[in-house]
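Report on the structure given below.
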Amino acid sequence: MKPSRPARWFANGWMAAVFLFLYVPIGALVLYSFNDSTVPNVWRGFTLKWYAALASDREILGGLWLSLKIAFLSACGSVVLGTLAAFSLVKYRRFRGRTLFSGMVHAPLVMPEVVVGLSLLLMLVSLQRATESAFGVGFPARGLLTIWLGHLLIGLAYATVVVRSRLLDLNPQLEEAAQDLGARPHQVFWLVTLPMIGQSLASAWLLTFTLSLDDVVLSAFLSGPGSTTMPLVIFSRAKLGLNPTVNAVATVIVLLVAVGVAVASWLIADAERRRTRETAEAARPG
C-alpha cells in the first residue's frame, strides 16, 4: 500500500527540515569565511584575506597538523585493535573473562569523557613519577603520545561496535567452506573474512578519525606544553572572541572531510559492485 500524498509531503518536508537544520550552519560558516568583515554576522563583501591570514597563523596551523596526525594514528590503531576485539567476541563465544573483556571494551561508550580524561591523567602522572624515581626521566611526557593513547581508548570502543555488527551478519558457511578447501585459519581471515568486512573497516576508520579530530575534553587533560590540538586552539580563542580565520580553517576541514567521505564512499560502492558481479559470475552455470 502506497502512502498518501499528504504523508509523502510530510515525510519529504520533515527530511528537508532535518537536512537544513544540520547543514545550514555549516554552509553559513563556509560563507562567512569569505566575509570581509570581522563581525561574524555582518556581510561586507567577498575576500580571501582570512585564508591568507590562516597561511601565516602558526598556532592554528600547528594545531591542525597535530590534530591530523593524532586523528590518523588513532583511526589506524582503533581499527586494528577494534577488529581484533570484535573478532574475539564474535568468533570465540566462550573464554575465561569474556564478560569482563566485553564490558571493558564497551565502557568508554557510556562513561563521560571527563571521567575518562581525569582517570588517564592520574594514571599518567603516577607513571611519570614512578619512571622518574626509577630512571631519572619521567615517561611518558604529556604530548602527542598521551593524547593518542586517550583517543585510542575511545576509538577502540566505537570501532569494536562497528566491526562486531558486521561480523555478526556474516555467513559462517563461507569461512567453513574455505577451511574445508584447505585454507588455514589465518588464510581464512585474510582472504575471506577481511574482504567481507572491508566496508565496516572503512566506516570505523572514518568514524574514529572524526571523533579524534574534534575531541576537546581528552585533549585538554592529556596535552602538554607545545602540544595544543586545533580544537583546543579554537576553544581558547573563543574565550576572547573568534575572528574569521577560524571560519577559514573550519572550511578547510569541511572540505577535507567531504573529499575523504566521497572517495571512501566511491571505493566502498565500487568494491561492493565488483563483489556482486564476481558472485553472480561464480553462480552462473558453466
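Values quoted throughout were computed directly from the atomic coordinates according to the rules given, and no laboratory measurement underlies them. As the structure is a computational prediction, the values presented were derived from the model and not from experiment. A quick note on method: Cβ atoms are made from the backbone with ideal geometry, for glycine too, and the neighbour counts reach across all protein chains shown.
Quick check: convex hull over the Cα atoms of the chain, volume per residue in Å³, rounded to an integer? Mind dumping the intermediate values first?
Numbers: hull volume 67.5 nm³, N = 286.
Spread over its residues, the Cα hull of the chain gives 236 Å³ apiece.
In the range 16-61, which trypsin sites (Lys or Arg not before Pro) are in a loop and have at most 10 other Cβ atoms within 10 Å, using DSSP for the loop call? Don't skip to the answer; put the middle values down first.
Working: sites: ARG44, LYS49, ARG58; in loops: ARG44.
In loop regions of the range 16-61 (DSSP not H, G, I, E or B), the sparsely surrounded trypsin sites (Lys or Arg not before Pro) are ARG44.
In debye, nearest 20, what is the charge dipole magnitude of the range 98-183 about its Cα centre with +1 on Lys and Arg Cβ and -1 on Asp and Glu Cβ, if you could check?
380 debye
When the dipole is taken about the Cα centre of the range 1-114, and only Lys, Arg (+1) and Asp, Glu (-1) are charged at their Cβ, what size is it in debye, to the nearest 20?
In debye, rounded to 20, the range 1-114 gives about 840.
Each label point is 7 Å from the Cα along the Cα-to-Cβ direction; what then is the distance between the points at ALA55 and ASP180, in nm?
Each label point lies 7 Å from its Cα, and together they span 6.4 nm.
Before rounding to the nearest 500, sum -39500 (n - 2.57) across all DSSP H runs of length at least 4 in the chain and divide by the residue total; then give [θ] at 222 nm in deg cm²/dmol.
Details: 12 runs with 215 residues, N = 286.
Taken over the chain, the calculation gives -25500 deg cm²/dmol.
For the range 67-84, take each phi angle, set θ = phi - 60°, evaluate the Karplus expression 6.51 cos²θ - 1.76 cosθ + 1.60, and give the result in whole Hz per residue in order, putting x for glycine and proline.
5, 5, 5, 5, 5, 5, 5, 5, 5, 5, x, 5, 5, 5, 5, x, 5, 5
Under a point-charge model restricted to the Cβ atoms of Lys and Arg (+1) and Asp and Glu (-1), what is the dipole moment magnitude of the range 45-283 relative to its Cα centre, in debye to the nearest 20? Provide the component values of the computation, followed by the final result.
On the way: 19 positive and 14 negative charges, 68 e Å.
Approximately 320 debye in magnitude.
Compare the peptides 89-97, 24-32 by average per-residue count of other Cβ atoms within 10 angstrom and give them in order, highest first.
Working: 89-97: 10.4, 24-32: 13.6.
Ranking the peptides 89-97, 24-32 by packing returns 24-32, 89-97.
What order, most packed first, do the peptides 205-216, 148-159 have when packing is the mean number of other Cβ atoms within 10 Å of each residue?
Ranking, from highest mean packing down: 148-159, 205-216.
Mind giving me the FRET efficiency for ALA280 and TRP65? R0 is 35 Å, r the Cβ-Cβ distance, nearest 0.05 is fine.
Values: r = 46 Å, r/R0 = 1.31.
Efficiency, rounded to the nearest 0.05: 0.15.
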